[in-house]
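Engineer: Can you read through this structure? Questions will come right after.
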Amino acid sequence: MTAGSNAGWRAGAAGLLLLMFALLLFGARQNSLTADEPAYIAGGYAVLARGQAALPMLAQRGYPPFLATLEALPVYLANPSVPVEQLTGWPASYDTFTLSFKPYLEPLQRSELAARMATICLTVLLGAVVFRWGAQLWGPLAGLIALAVMALDPTMLAHGRLAHTDAGATALGTAALYVVWRWARRPTWGKTLLAGLLLALTLLAKVSGVLWLAAAMLIVLAGLWERRRGGRVATLAGQGAAMLALAGLIWWAAYGFTWGHSAAFPFALPAPDYWDGFQYLRTYTTDVYALGMRQAAHSGWWWYFPLAFLIKNPLPLLIALVIALLALLRRPSGGRRYADLVALTAFPLLYGLVAIVDGMTIGYRHLLPLHPFVYLAIGGGLAAWAWGETARPWRRWVVAALALWFVVGAARSFPWEISFFNELAGGPSGGYRYLADSNVDWGQAERVREDYLAAHPGTRPFAPVTPLMPAAGSYLVGASALDGVGVSNVNAYEWFRHRA
């Protein structure tokens, strides 16, 4: 491949990254603060202002400090004098503290955009990693296809622009596994140190970071197995151990090298605040809604995430994924490396299993960490299926049709991708019948609601009503409230729900 063609592929990738950045940025300006974003900004600000003293408060909601502080940094720099310790709720009640902190986010639109920039930049970084990884596995066309799917994926666009942990942790964890995979192919101390740093940041981004760490360990072991007959196995084993040790050391340093007891385990251990947060999420209970059913649970039903995967992703993406996986399975196995196979399958299988068995079934966003591997599979599989040596020309027309379908769907859902559902669920207007909360209505349209109420002064906003006999009038009811999520009386809008 010539230098000119390489430049062309890089230009295509740069164009897609710029497109994704623009979609994330302009969408962020349209979407109001979602339900959980103020908590991250408030908690991150507290850490920046009071350091380690704020970590126990973050543990009350299961938040490690890294992404929260990164998102709160612009707010802190703009106003570093918020009297954190004088706010109601400090440090015993995180929720009350967040409510007390909200007035300091004014002007709100400026603060929310500034806080979201960290996630937007990390999401663009993830796009670059997806392109590079796909290109190095199967060629630049595969990398470009994978990046194109990511750039227009409603789930990634929806959460890649929010001051939250889902997209940021996905970006850091995927980047970490990519560097570990590069190390397994050609070990160097530079890659060892970079992988250790990225794994540490992944652990500090979200408690699910332990699953990324477990996958990294499996890739290291696969790389050592490939070189078991070489003379450098001991040196490489030392690098692998150093990588994991560095990740643990940086993670522990972020918690001030504390040591003590946690509710999660009956013995003392490093960073007890981290494990307190882990325990909070393990025992978290809330109202779970799906298919018109409700229950109070940590993990609702085993079928929740498979169902959400089926109806929250565009149909052309799902069709392309099936074609791609079949194409990849039929590829000749000659020369296939253990580390490649483990790097592409260990984390998706481990994370998917944990999500189904014990995941927080409150939103499809918790499956976002699987999406980079979906993009890679689609890129590699479609490139082989439609442009491989034995590919028939009609296959490219199929890919073109799927791409057009995908692009049209992405354009129609912008910038409200949070509420995206595919045709199986009746589209965005029918999704509330299947799922609720962050799948549909997470507060992202608050400014649209305010504009509507200003234009229709006779409309009642989220007014509490008698379930069986509402008073005559016009009501504006959010999709999640319609399903009884986020309201004190889950049946308050039952009359409306059966007539929507």
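Read-outs throughout are calculated quantities, based only on the coordinates presented, and are distinct from any laboratory measurement. These numbers were taken from a predicted model, which means no experiment stands behind them. Virtual Cβ from ideal backbone geometry, glycine too; neighbours counted across all protein chains shown.
Engineer: By the scheme Lys and Arg +1, Asp and Glu -1, what is the net charge of all other residues having a beta-carbon under 12 Å from that of residue 283?
Structural biologist: -1
Engineer: If I take R0 = 51 Å and measure r between the Cβ atoms of residue 79 and residue 268 in this structure, what FRET efficiency does the formula 1/(1 + (r/R0)^6) give, to the nearest 0.05?
Structural biologist: 0.85
Engineer: Using a Förster distance of 45 angstrom, determine the FRET efficiency expected from the C-beta separation of residue 242 and residue 394, and round it to 0.05.
Structural biologist: 0.30
Engineer: Mind ordering 13-20, 145-152 by average Cβ neighbours within 10 Å, highest first?
Structural biologist: In descending order of packing, they fall as 145-152, 13-20.
Engineer: Still on this model: Within a Cβ distance under 15 Å of residue 156, other residues only, what is the Lys/Arg minus Asp/Glu net charge?
Structural biologist: +1
Engineer: Could you tell me the relative contact order of the chain? Use alpha-carbon pairs under 8 Å, at least six residues apart, and round to a whole percent.
Structural biologist: 17 percent
Engineer: Let me ask you something else. Net charge around residue 320, counting only other residues with Cβ within less than 14 Å of its Cβ (Lys, Arg = +1; Asp, Glu = -1)?
Structural biologist: +1
Engineer: For the residues 138, 181, 303, what sequence is obtained by ranking on other C-beta atoms within 10 Å, fewest first?
Structural biologist: 303, 138, 181
Engineer: Let me ask something additional. Quick one: if the Förster radius is 45 Å, what FRET efficiency do residue 283 and residue 7 give, using the C-beta to C-beta distance and rounding to 0.05?
Structural biologist: 0.25
Engineer: Percent relative contact order of region 382-490, based on C-alpha pairs within less than 8 angstrom and at least six residues apart?
Structural biologist: Relative contact order of region 382-490: 17 percent.
Engineer: Under a point spin-label approximation (7 Å from Cα along Cα-to-Cβ), what is the residue 350-residue 424 distance to one decimal in nm?
Structural biologist: Using points 7 Å along Cα→Cβ, the separation is 2.8 nm.
Engineer: On a full-extension model of 0.36 nm per residue, what is the gain between residue 99 and residue 217, subtracting their alpha-carbon distance, rounded to one decimal in nm?
Structural biologist: Computed gain between residue 99 and residue 217 is 38.4 nm.
Engineer: Students often check this: by mean Cβ neighbours within 10 Å, which of 127-133, 358-364, 83-89 ranks highest, and how do the rest follow?
Structural biologist: 127-133, 358-364, 83-89
Engineer: If you don't mind, there's one more thing I want to ask. Which percentage, to the nearest 5, of the DSSP beta bridges contained in the chain is antiparallel?
Structural biologist: In the chain, approximately 75 percent of DSSP beta bridges are antiparallel ones.
Engineer: Could you work out how much longer the chain between residue 22 and residue 294 gets when fully extended? Use 0.36 nm per residue separation minus the Cα distance between them, nm to one decimal.
Structural biologist: The residue 22-residue 294 span can extend by a further 94.1 nm.
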